[in-house]
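Data first, discussion second: the structure below is written as structure tokens.
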């Protein structure tokens with residue numbers, strides 16, 4: 001096969017990075033649309049009922065060589081333009097195909113670690129020798145998408161059947177930057193920890209409460225879990241290293257249009273079914289930074305920046321999950337957005353700080369040993385039910401804990417108390 | 001009929017038995033004056049033939065009216081368990097004997113039926129302290145096979161073999177690499193007479209080809225080369241393939257991992273044979289026969 005016949009040919013050594021970010025795609029959908037243009041390789045997938053869309057970009061810089069002959073199909077021959085030389089000319093040209101991303105991930109997911117564990121003779125040279133070079137190639141419509149993995153000993157060639165373009169739901173998921181009501185920049189691993197705790201307390205519904213403040217440390221981002229056992233509040237730390245940016249906008253009717261003004265006096269609440277977050281949050285763990293955005297229509301985007309730990313020069317791959325806020329159409333629509341602002345019920349949940357135990361979230365190296373994490377908290381509750389841990393000063397994460405009202409705090413899991421709004425969290 | 005064995009080191013026996021254990025439980029143990037053969041076979045399924053030299057046993061006595069060959073059929077699971085128990089103890093000798101099965105209430109009609117039933121009795125003594133010791137005895141039911149049945153159990157013969165390839169442990173990464181493809185029922189193994197090895201799996205929407213970049217050591221088959229030289233140059237690298245079930249392949253790959261030396265034999269469209277030497281002193285070997293997928297006649 002000469003490079004003449006190829007529409008796309010690219011080589012990379014960043015297999016472990018590609019495998020980990022592609023795994024995030026495969027967790028959402030089976031079929032992915034692959035679009036290749038001068039910026040890189042883009043994957044898009046939807047879940048079965050098209051309520052979540054995930055998009056991943058593998059930037060061109062991830063590849064050691066990247067040749068795209070997008071005009072090949074149209075012009076048939078001799079204009080072989082290499083993107084590396086002439087990117088302006090090919091700015092708009094792109095090719096697309098669809099393939100089974102589950103199979104793709106299965107193939108890309110090569111565990112190289114155990115290759116070096118056996119045999120005595122390669123112990124000295126196992127660093128460079130076993131690096132697998134991976135080449136993508138595609139000959140155009142109707143041809144399979146080929147991936148070649150090659151190291152010093154093994155040549156693996158995998159061909160994936162490609163499908164004609166799948167139905168596109170892109171329009172439904174396009175985020176209007178001019179209609180944003182929330183934009184915030186968070187730490188990936190910390191948001192993962194919050195989500196994991198929310199899952200551990202069997203969250204059904206998730207309320208995200210945000211309020212901006214001119215003093216950064218007074219900004220508020222609170223995740224409120226609603227579940228069978230009641231409410232719990234997980235306050236995201238407001239320090240700059242965790243909460244790098246937070247902006248809230250509020251629309252105002254101006255004639256027939258809405259005008260969006262940034263606000264520090266209004267709180268914003270977003271309401272989600274947790275199952276959506278449960279499907280995506282595992283990916284947060286590998287991300288360095290997450291940009292969380294929501295538009296007035298309820299469309300939410302979590303954009304994950306994933307760096308390659310083996311290549312500091314790479315700017316990172318971006319995984320973008322988009323999904324919708326879960327609100328009843330009768331309750332709220334585009335014209336009834338008032339509901340999202342200064343919601344008194346949610347304000348009450350957030351402000352009701354009396355007799356609250358504090359659980360800290362921080363990256364492990366920043367954890368104050370005197371403060372307690374959720375794990376500690378739960379363990380202590382189980383083992384020493386009468387000696388309750390001391391509340392600490394810094395409010396990082398807050399769990400509702402009204403158990404002191406109980407005459408005897410119980411060590412076992414209990415059924416929820418009769419329904420009041422603030423059902424204590426029994427664990 | 002008499003069988004008297006002694007085992008001090010179970011390594012060879014245990015590694016052989018555990019290598020073929022995943023294949024099936026019911027095996028034939030054939031004691032001959034020079035070998036213990038452990039045979040795992042069933043109709044139209046892969047077979048394993050193991051040969052353990054009598055040198056492995058400090059004591060090895062077999063007597064029978066059939067040229068001192070004794071053949072029994074048994075479940076190897078309790079045998080493996082007993083050997084492992086002995087391994088864990090601080091005993092230094094395990095004696096294995098064939099005994100008549102003790103029958104509680106022997107009626108006249110059952111005695112005939114039970115004539116072929118016996119037990120393999122495994123006995124060892126563990127020293128608890130200077131003064132006291134504890135004896136363990138395992139009785140594993142076996143069925144003594146009659147001469148005509150035993151003679152019917154014969155090792156498969158290949159009518160033709162195109163490629164004989166020597167595999168050493170360096171090949172294991174190739175076998176591990178293909179492990180992540182589990183969706184297909186079959187795998188195609190291709191070898192060339194110059195020593196290229198390729199594994200391929202075809203699924204509904206994915207095709208996988210894995211090849212080993214170096215030439216493997218091959219043994220030239222005389223008949224083959226002569227035939228080929230009539231119409232082509234001897235240099236030409238001819239591929240020969242056989243398609244086998246993926247689950248059979250995986251057992252073979254696992255076997256390769258356990259063994260010291262392996263020769264892979266490809267009988268085109270017919271069978272794949274792995275001839276494995278288990279240990280360095282070559283006292284035990286396993287031959288694993290995998291039948292090829294019957295090709296569609298066109």
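The values are calculated or read from the model by the stated rules, or taken from the named source; none is laboratory data. Computed from a prediction, not measured in an experiment: that's the story for all the values here. Don't worry about glycine lacking a Cβ; one is built from the backbone with ideal geometry, like all the others, and counts go over all protein chains shown.
What number of residues in the stretch B:35-55 are closer than 22 Å to residue B:281 by Cβ and touching a strand residue (DSSP E or B) at 6+ places or on another chain (Cβ under 7 Å)?
Qualifying residue count for the region: 11.
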Residues that are within 10 Å of chain A (Cβ to nearest Cβ) and either within 17 Å of residue B:250 (Cβ to Cβ) or outside any loop (DSSP other than H, G, I, E, B) (or both), drawn from the stretch B:192-208 = B:198, B:199, B:200, B:201, B:202, B:203, B:206, B:207, B:208
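For every residue, the table says whether it meets (1) within 12 Å of another protein chain (Cβ to nearest Cβ); (2) buried (at least 17 other Cβ atoms within 10 Å of the Cβ).
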residue: A:137; (1), (2): no, yes
residue: A:144; (1), (2): yes, yes
residue: A:168; (1), (2): no, no
residue: A:173; (1), (2): no, yes
residue: A:182; (1), (2): no, yes
residue: A:208; (1), (2): no, yes
Could you list, in sequence order, all residues of the stretch A:240-260 that are over 25 Å from the mean Cα position of the chain (by Cα) and either loosely packed, with under 15 Cβ neighbours inside 10 Å or on the phi > 0 side of the Ramachandran plot (or both)?
-> A:252, A:253, A:254, A:255, A:256, A:257, A:259
Run residue B:157 past the list (1) outside the structural domain of residue B:70 (by TED's automatic domain parsing); (2) out of contact with any helix residue (DSSP H, G or I) (no Cβ under 7 Å at 6 or more places or on another chain); (3) over 30 Å from residue B:65 (Cα atoms) and report the number of the one that doesn't hold.
-> (3)
Within the stretch B:258-277, can you find the residues that are more than 16 Å from residue B:23 (Cα to Cα) and not in a strand (DSSP E or B)?
-> B:259, B:260, B:268, B:269, B:270
Filtering strands (runs of 3 or more DSSP E) wholly in the stretch B:1-45 for at least 3 residues that are in contact (Cβ under 8 Å) with a residue 60 or more places away in the chain and within 24 Å of residue B:248 (Cβ to Cβ) gives B:26-31
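Looking at the structure I just gave you, is residue A:160 within 13 Å of chain B (Cβ to nearest Cβ), touching a residue at least 40 places away in the same chain (Cβ under 8 Å) and surrounded by 16 or more Cβ atoms within 10 Å (Cβ to Cβ)?
yes
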For the stretch B:162-183, indicate whether the set of residues that are buried (at least 19 other Cβ atoms within 10 Å of the Cβ), in contact with a helix residue (DSSP H, G or I) (Cβ under 7 Å, 6 or more places away or on another chain) and away from chain A (no Cβ under 14 Å) is non-empty.
-> yes
What about residue A:249, is it assigned to a helix (DSSP H, G or I) and either under 30 Å from residue A:59 (Cβ atoms) or touching a strand residue (DSSP E or B) at 6+ places or on another chain (Cβ under 7 Å) (or both)?
-> no
Subset of the stretch B:268-289 (residues that are within 26 Å of residue B:239 (Cβ to Cβ) and surrounded by 20 or more Cβ atoms within 10 Å (Cβ to Cβ)) = B:271, B:272, B:273, B:274, B:276, B:288, B:289
Counted residues in the stretch A:261-284 being surrounded by fewer than 19 Cβ atoms within 10 Å (Cβ to Cβ), touching a residue at least 60 places away in the same chain (Cβ under 8 Å) and closer than 20 Å to residue A:324 by Cα come to 4
When you scan the stretch B:85-102, how many residues do you find that are touching a residue at least 60 places away in the same chain (Cβ under 8 Å) and surrounded by 13 or more Cβ atoms within 10 Å (Cβ to Cβ)?
-> 8
Could you list, in sequence order, all residues of the stretch A:220-239 that are over 20 Å from the mean Cα position of the chain (by Cα) and either crowded, with 22+ Cβ neighbours inside 10 Å or in a strand (DSSP E or B) (or both)?
-> A:220, A:226, A:227, A:230, A:231, A:232, A:233
Can you spot a residue in the stretch B:79-93 that is modelled with pLDDT of 90 or more, farther than 29 Å from residue B:125 by Cβ and within 23 Å of the chain's Cα centre (by Cα)?
-> no
